[in-house]
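What follows is a short report on a single structure.
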Amino acid sequence: MSTPATPPDSYFRKGFGLGSEVRDDLAADYTGRLVDLLRARDYTLTAGDVTVRLAKEFGFCYGVDRAVEYAYQTRRKFPDRRLFLLGEIIHNPHVNDNLRRMGIEILEPLEGARDGEPRFDFSVVAPEDVVILPAFGVTVADFAALRERGGVMVDTTCGSVLNVWKRVEAYARDGFTSLIHGKYYHEETRATASQVLKYPGGHYLVVRDMSEAEAVCAYITSLGAGAVNAAAREAFAHRFAKAASRASTRICTCAASGSPTRPRCSPASRWRSARWPARRWRERSARSTARRTSGPSTRSARRRRIGRTRSTNC
């Protein structure tokens, strides 16, 4: 999927240099005397038999801080323009209510949008409007549709999210199915998974927890051993129907069924993980890889081998 060219004066990722101008507004909205008091007293307050403790890392992460500040800067930069936000900037009612009070309209995603289709109704956006992309990012289809509408885009996508996108895109380019840890319906997951659509035949599968990760591992292992029957294929496809690209389950099923119409699929169908679901999975992968692979035993070499894990060694 190609993305229209973006004029340099209509796409912003690094704010507008107005940090000092919005600092007081941010402090007024997101600081409190009680939190300051807790921090001053070693993160602990005691009143009678009640003790309140504050986490030392209390507050927004860097990516959220940046996204919220850029939204405030955008309002200051364009005081007379209509501002839209594609979904909630983060899942925090207080923050989103503040943005609404500033005159930023939050667009709600459409129900039932499929892979490759925009998740928002951009008919309300005019070329002179300003649209803020949330910290979660947006799908490839949303970005392309918004570019076609014109207007100014302020992209607050978290840098850590962008790093995952690069990996998913690289895996799709190399012919791997990306295994993504997350909730299949979450904005960040949808945006991340959409990166595979940049390449024909790109695939993804989303697993939410250890149970689903183990189910995928067991399925691929059985597939490599030729032990997957029609009922197992159907059950797997049904379980992950909403969490996979349209052809991802066929990658696993056509190999076992011997279909001659999909030559890219085989019992060694290739998988890579965009995010490891849990420490147990990483440790199991490392142990399995160590048993099956010879070579340097350094940490970096071990990570490279784990990154190349295939079907029976997931």
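What follows is calculated from the coordinates using simple rules that are stated; it is not laboratory data. Keep in mind that this is a model prediction, so the values were computed, not measured. For neighbour counting, all protein chains shown are included, and Cβ atoms are generated from backbone atoms with ideal geometry for every residue, glycine included.
Restricting segment 143-189 to chymotrypsin sites (Phe, Trp or Tyr not before Pro) that sit in a DSSP loop and have at most 14 other Cβ atoms within 10 Å of their own Cβ leaves Y185. Cross-link pairs exceeding 30 Å in C-alpha to C-alpha distance, out of K56/K166; K77/K198; K56/K242; K166/K242, comprise K56/K166; K77/K198; K56/K242.
For an R0 of 35 angstrom, estimate the FRET efficiency from the Cβ-Cβ distance between Y199 and R82 and round to the nearest 0.05.
Numbers: r = 35 Å, r/R0 = 1.01.
The formula returns an efficiency of 0.50 here.
Along the Cα-to-C-beta direction of R13, a point sits 7 Å from the Cα; which residues of segment 161-185 have their amide N less than 16 Å from that point? Within reach of a label on R13, which here means backbone N under 16 Å from a point 7 Å along Cα→Cβ, segment 161-185 contributes 161-170.
In segment 157-248, Cα pairs under 8 Å separated by at least six residues give a relative contact order of 29 percent. Multiplying the residue separation of A170 and L34 by 0.36 nm and removing their Cα-Cα distance gives an extension gain of 44.3 nm. Applying the Karplus relation 6.51 cos²θ - 1.76 cosθ + 1.60 with θ = phi - 60° to segment 205-213 yields 3J(HN,Hα) values of 9, 9, 10, 8, 8, 4, 4, 5, 4 Hz, where x marks Gly and Pro. Each residue, Y62 and V161, gets one label point 7 Å from its Cα in the Cβ direction; the gap between the two is 1.7 nm. For segment 46-100, the list of GluC sites (Glu not before Pro) that fall in a loop by DSSP and count at most 10 other C-beta atoms within 10 angstrom reads E57. Distance between the pseudo-spin-label points of A231 and E108 (7 Å out from Cα toward the beta carbon): 4.3 nm.
Within segment 29-72, whose backbone N sits under 18 Å from a point 7 Å along Cα→Cβ of R23? Within reach of a label on R23: 29-32, 65-72.
Segment 204-247 and segment 168-197 have Cα centres spaced 16 Å apart. Per-residue extension of 0.36 nm, minus the Cα-Cα distance of H238 and A144, leaves a gain of 30.8 nm for this segment. Taking amide H positions as modeled 1.01 Å from N, with prolines and chain starts lacking one, the residues under 5 Å from T177 and 5 or more places away or on another chain are R270, W271, R272. Over all pairs of different C-alpha atoms in segment 1-150, the reciprocal of the mean inverse distance, the Kirkwood hydrodynamic radius, equals 17.6 Å.
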